[in-house]
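Have a look at the structure below before the remarks.
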Amino acid sequence: MDMTNANKRKGSDAERAVREYLVSQFGGEAVIKTRAGFNDDAGDILVDHQSGRVVLQVKNTKKSWWPEWLEQTASQVEVCRRISAPTPVVGGVVIRKRPRITDPAQWLAVTTLSGLMELLDAAYEAGWVDGKRVGEEKP
């Protein structure tokens, strides 16, 4: 098997692991797998949350290219904002698989400080505190 296919498989496996984790947290209807091969890149995974849609770009590489990845994710957020109306797109995050860590809940989720503030603002605007909607009982 050539290296391109091996790298593609690694990336696809990481995306699948993230999707499965998100489905376990939010349910299948909230997790959207985007399709490759289109002119407009909307990220790898979209998460529909009550506070808005979040673009996720999943990476599984030995080397990290944070500036490039963050720029790519910002571009994907803009594309998604253009094509996702009327659903608000609140931001984007790079999900980076950690070496030797198989649990996607323990992988890195990286965004810029301004990106983090957009996500936090959207969560608070939608009434989310401590991972629950305000007024919901904790389990």
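The values are calculated or read from the model by the stated rules, or taken from the named source; none is laboratory data. Quick caveat: nothing in here was measured; it's all calculated off a predicted structure. Virtual Cβ from ideal backbone geometry, glycine too; neighbours counted across all protein chains shown. Just the protein is used for accessible areas: all its heavy atoms, side chains included, with ligands, DNA and RNA removed. Shrake-Rupley method; radii C 1.70, N 1.55, O 1.52, S 1.80 Å.
Can you say whether A74 is closer than 18 Å to A122 by Cα, without any contact (Cβ under 8 Å) to a residue 60 or more places away in the chain, over 15 Å from the mean Cα position of the chain (by Cα) and open to solvent by 50 Å² or more (accessible area, probe 1.4 Å), as far as the supplied structure shows?
When the stated conditions are applied, A74 does not pass them.
Identify all residues within the stretch 115-128 that are open to solvent by less than 80 Å² (accessible area, probe 1.4 Å) and within 16 Å of the chain's Cα centre (by Cα); write none if there are none.
Residues satisfying the conditions are G115, L116, L119, L120, A122, A123.
Can you name every residue in the stretch 91-108 that is outside any loop (DSSP other than H, G, I, E, B) and either touching a residue at least 40 places away in the same chain (Cβ under 8 Å) or surrounded by 12 or more Cβ atoms within 10 Å (Cβ to Cβ) (or both)?
Answer for the stretch 91-108, where residues must be outside any loop (DSSP other than H, G, I, E, B) and either touching a residue at least 40 places away in the same chain (Cβ under 8 Å) or surrounded by 12 or more Cβ atoms within 10 Å (Cβ to Cβ) (or both): G91, G92, V93, V94, I95, R96, P104, A105, L108.
Does A105 qualify as being at pLDDT 80 or above and in contact with a Phe, Trp or Tyr (Cβ under 8 Å, 6 or more places away or on another chain)?
yes
In the stretch 79-90, how many are in a helix (DSSP H, G or I) and within 14 Å of the chain's Cα centre (by Cα)?
Looking only at that region, the number is 1.
Report every pair of residues separated by at least 6 positions or lying on different chains whose Cβ atoms are under 6 Å apart, first residue within the stretch 36-53 and under 17 Å from A14 (Cβ atoms) and modelled with pLDDT of 85 or more, second of a type outside the set (D, E, K, R) and assigned to a loop (DSSP other than H, G, I, E, B).
That search, which allows pairs on different chains as well, returns nothing.
Could you pull out the residue among D44, D48 that is acidic (D, E) and within 15 Å of R16 (Cα to Cα)?
D44
Considering only the stretch 3-28, state which residues are touching a helix residue (DSSP H, G or I) at 6+ places or on another chain (Cβ under 6 Å) and either open to solvent by 40 Å² or more (accessible area, probe 1.4 Å) or of a type in the set (D, E, K, R) (or both).
Of everything in the stretch 3-28, just one residue is touching a helix residue (DSSP H, G or I) at 6+ places or on another chain (Cβ under 6 Å) and either open to solvent by 40 Å² or more (accessible area, probe 1.4 Å) or of a type in the set (D, E, K, R) (or both), namely Y21.
From (1) hydrophobic (A, V, I, L, M, F, W, C); (2) open to solvent by less than 30 Å² (accessible area, probe 1.4 Å); (3) in contact with a strand residue (DSSP E or B) (Cβ under 8 Å, 6 or more places away or on another chain), pick out the condition that doesn't hold for W66.
(2)
Looking at (1) at pLDDT 95 or above; (2) touching a strand residue (DSSP E or B) at 6+ places or on another chain (Cβ under 7 Å), find the lone condition where S84 falls short.
(1)
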